[in-house]
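Report on the following structure.
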Amino acid sequence: MHQRLLLGCIISLLGGGLIYLGFRSDTLILFDWISFIGLDHLIERLRFYTLPYAKYIPEWILFSLPDGLWMFSYGCGICYLWRNKQSKQPHWWISLIALFILSVEILQLLQITPGTFDPLDLVFYLLGALLPLVFLIQKDNRWVASK
């Protein structure tokens, strides 16, 4: 179970990042960071091959899935950190960040914070937060049952 959490953390983090690097607008601040560390030529080469396929990829994959993948990555990472402890701490940390992110999305709807509200983002954020918690609860239940 522990290796799956770590693997889930890494793969979902990379997956969301690759979607951004391969298909999202190069005006995002992420691309400034890439340029700052000197990887802009490598990313431009990647985008040369990926951008022609962007028109065939559903918008929810390009714009909502990365959010859910990053939330899932965070949740798996938190669960991995608490892997050997019987604690409610991971539940609180995952819930706290999820509530914060969901609040930002709602504030976008109310036009209080910049960005574009998308109800599908809410769905992916929630799934990304809930799935690691489900894994954690299953692990906790097995731990209690084995005592």
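Sort by residue number and report every cysteine in the chain with no other cysteine beta carbon within a distance under 4.7 Å.
Cys79
Starting from the Cα gyration tensor of the stretch 18-127, multiply each eigenvalue by 5, take the square root, and state the resulting semi-axes largest first in whole Å. The partial results should precede the final answer.
Numbers: eigenvalues 164, 74, 38 Å².
Its equivalent ellipsoid spans semi-axes of 29, 19, 14 Å.
If you rank Cys76, Cys9 by fewest surrounding Cβ atoms within 10 Å, what's the result?
Values: Cys76 26, Cys9 21.
Taking fewest neighbouring Cβ atoms as first place, the list is Cys9, Cys76.
Give the separation of the Cα centroids, the stretch 76-91 to the stretch 114-132, in Å.
22 Å
Only helical DSSP H runs with n ≥ 4 go in: add -39500 (n - 2.57) per run for the chain, normalise by residue count and round the 222 nm mean residue ellipticity to 500 deg cm²/dmol. Mind showing how you got there, number by number?
On the way: 7 runs with 112 residues, N = 147.
About -25500 deg cm²/dmol.
Coordinate-derived values only; no laboratory data. Everything quoted here is computed from the prediction, not taken from an experiment. Backbone-built Cβ (ideal geometry, glycine too); neighbour counts: all protein chains shown.
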